Amino acid sequence: MADLQVNYLGLNLRNPLIAASCGLTNNIDSIKKLAAAGIGAVVLKSLFEEQILFHTHQKIAENKLDYPEAYDYIKNYSRINEIEQYLTLIIQAKKAVSIPVIASINCISSSEWVSFAGDIEQAGADALELNIMTLPTDSKISSSDIENRMFDIIDKVRSKTKLPLAIKISNHYTSLSYILTKLDWNKLIQGVVLFNRQYMPDIDLDKMKIVAGNVFSNSSDYHESLRWIAIMSDKLNYDLAATTGIWDGKTVIKQLLVGAKAVQISSVLYKKGVSVIGEMLNEMDQWMQSKGYQKISQFAGSMSMQNIESPAAFERIQFMRYFSQIE
């Protein structure tokens with residue numbers, strides 16, 4: 001069998017498949033099944049900054065507090081309780097599996113939660129992924145404000161931990177290439193995950209209510225990350241990982257060809273079960289053998305924008321027959 005080992009965030013992975021932060025990475029039994037099925041690493045289900053704040057305010061409201069000491073006590077207790085549960089998950093996961101365990105925080109600010117980053121390191125996590133995504137709906141907040149908030153979060157977290165840091169972001173930036181390059185300038189992170197799949201609202205016409213849209217990706221959703229990894233992988237010193245729409249081994253290979261160091265999967269695990277991990281690895285192995293490749297480094301990045309004859313193919317956004325080969 002071909003050697004599928006990769007290095008991501010300075011971590012040695014037996015293969016580039018990473019279970020993304022989701023409900024399947026929120027309990028030890030499921031994490032053990034993922035590891036046994038062959039996954040290269042797991043990103044634990046995110047602890048949400050908003051979740052901590054919500055539970056804190058909920059408990060305060062329930063107790064109808066009328067003096068500051070009790071308010072502070074419950075506020076601190078709620079926050080500490082949420083954090084302790086997450087730290088316990090990290091400790092148990094590290095004991096249960098031998099693959100890298102990456103913690104995850106879904107954050108919207110650089111508030112007091114950042115001190116938790118040091119606790120994550122002490123609990124034994126191999127790396128930390130910061131899921132930073134806000135929908136720019138406030139017309140009073142400029143694009144630079146949103147960008148500065150992200151850099152502030154990174155600065156504060158880096159001051160609390162030496163763990164490898166990855167940032168998981170959306171493509172909602174005025175100049176994505178500028179942001180990805182600026183992230184490289186400060187040398188504070190080791191990777192970026194492209195792109196976060198966001199919650200999408202829908203309308204139930206029978207009940208006349210707002211409902212969640214399709215929460216799962218489909219097998220054609222990988223093109224956006226493919227484009228941007230191809231464009232940026234040769235220009236950055238940190239690692240890029242692809243996520244969303246990765247449903248088979250062929251798509252994994254495509255992402256590796258344009259310069260991704262790893263991929264994250266979740267929807268396909270829900271839809272097909274953990275056995276799909278072996279299927280994807282086998283598909284990768286068969287393709288590599290058919291091409292005469294014995295290890296991923298022999299072809300990784302060989303079809304990035306810098307390495308192909310027609311780099312405009314990755315920059316083109318309008319359909320033109322010459323570039324797209326579509327009538």
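The values are calculated or read from the model by the stated rules, or taken from the named source; none is laboratory data. Because the structure is a prediction, the values reported are computed rather than measured. Note: ideal-geometry Cβ built from the backbone for every residue, glycine included; neighbour counts use all protein chains shown.
Residues are listed down the side, and each one gets a yes or a no for (1) under 17 Å from ALA300 (Cα atoms); (2) in contact with a helix residue (DSSP H, G or I) (Cβ under 9 Å, 6 or more places away or on another chain); (3) of a type outside the set (D, E, K, R); (4) in a helix (DSSP H, G or I):
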| residue | (1), (2), (3), (4) |
| --- | --- |
| SER219 | no, yes, yes, no |
| LEU226 | yes, yes, yes, yes |
| ILE229 | yes, yes, yes, yes |
| ASN237 | yes, yes, yes, no |
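Here are the criteria: (1) in a loop (DSSP other than H, G, I, E, B); (2) touching a strand residue (DSSP E or B) at 6+ places or on another chain (Cβ under 6 Å). Tell me which single one LYS187 does not satisfy. Just one mismatch for LYS187, condition (2).
Could you please let me know if SER220 is over 18 Å from GLU129 (Cα atoms), of a type in the set (Ser, Thr, Tyr) and either surrounded by 23 or more Cβ atoms within 10 Å (Cβ to Cβ) or over 14 Å from the mean Cα position of the chain (by Cα) (or both)?
Yes.
Within segment 99-131, the set of residues being at positive phi and either crowded, with 18+ Cβ neighbours inside 10 Å or in contact with a Cys (Cβ under 6 Å, 6 or more places away or on another chain) (or both) is empty. Residues in segment 104-151 that are touching a residue at least 12 places away in the same chain (Cβ under 8 Å), of a type in the set (Ser, Thr, Tyr) and within 19 Å of ILE179 (Cβ to Cβ): SER109, SER110, THR134, SER143.
Among all residue pairs at least 6 apart or on different chains, which show Cβ distances below 9 Å where the first residue, located in segment 278-303, is without any contact (Cβ under 8 Å) to a residue 40 or more places away in the chain and the second is of a type in the set (Phe, Trp, Tyr)? Close Cβ pairs satisfying both conditions: TRP287/TYR293; LYS291/PHE299. Does any residue of segment 90-110 turn out to be in a helix (DSSP H, G or I), within 21 Å of the chain's Cα centre (by Cα), at pLDDT 90 or above and farther than 29 Å from ILE31 by Cβ? Among the residues of segment 90-110, not one is in a helix (DSSP H, G or I), within 21 Å of the chain's Cα centre (by Cα), at pLDDT 90 or above and farther than 29 Å from ILE31 by Cβ, which makes the answer no. Within segment 6-25, the set of residues being modelled with pLDDT of 95 or more and in contact with a helix residue (DSSP H, G or I) (Cβ under 9 Å, 6 or more places away or on another chain) comprises VAL6, ASN15, PRO16, LEU17, ALA19, ALA20, LEU24, THR25. Condition first: in contact with a helix residue (DSSP H, G or I) (Cβ under 7 Å, 6 or more places away or on another chain) and closer than 30 Å to PRO201 by Cα. Can you find one or more residues in segment 145-163 that meet it? The answer is yes, given that some residue of segment 145-163 is in contact with a helix residue (DSSP H, G or I) (Cβ under 7 Å, 6 or more places away or on another chain) and closer than 30 Å to PRO201 by Cα.
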